[in-house]
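Report on the following structure.
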C-alpha cells in the first residue's frame, strides 16, 4: 500500500487505493472491502489520514534521487524478512488481506 502511495506522490482516498490494489491483483477480504482496507491503513504506522484529502505517507515524499538513501546496507536492512516485519512498517508483504 505504501508503494502505491509513494508511486502516486500525493494523498489517496480509500476507494482509489482499493481500485489500484484490485488492478494489481491484490484481493482485500471482508464483507466490506473498503472498511477492511481502512482498518488496515489506520493500523499502519507509516501512514497518516488527512481529512478531506485521504491517506499519505508519514514521512515526506522525496522529490529527487539525491534525497533517496543509497543502495546497500540501508536498503538491505529495510527489506522485510517476514510479513509481520512489513506490517509493522505499514506495508503489505502478502497478496491477500485476511479478515
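Quick note: the coordinates plus some simple rules give every number you see, no bench work behind them. What you see is a predicted model; the values in this text were computed from it and never measured. Cβ coordinates were reconstructed from backbone atoms using ideal geometry, including for glycine residues, and neighbour counts include every protein chain displayed.
Some values worked out for this structure:
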quantity: Cα radius of gyration and Dmax for the range 1-51 (Å); calculated: 10.5, 30
quantity: Virtual spin-label span in nm between residue 11 and residue 26, 7 Å along Cα→Cβ; calculated: 2.1
quantity: Label-to-label distance, nm, for residues given as residue 51 and residue 34 (7 Å Cα→Cβ offset); calculated: 1.6
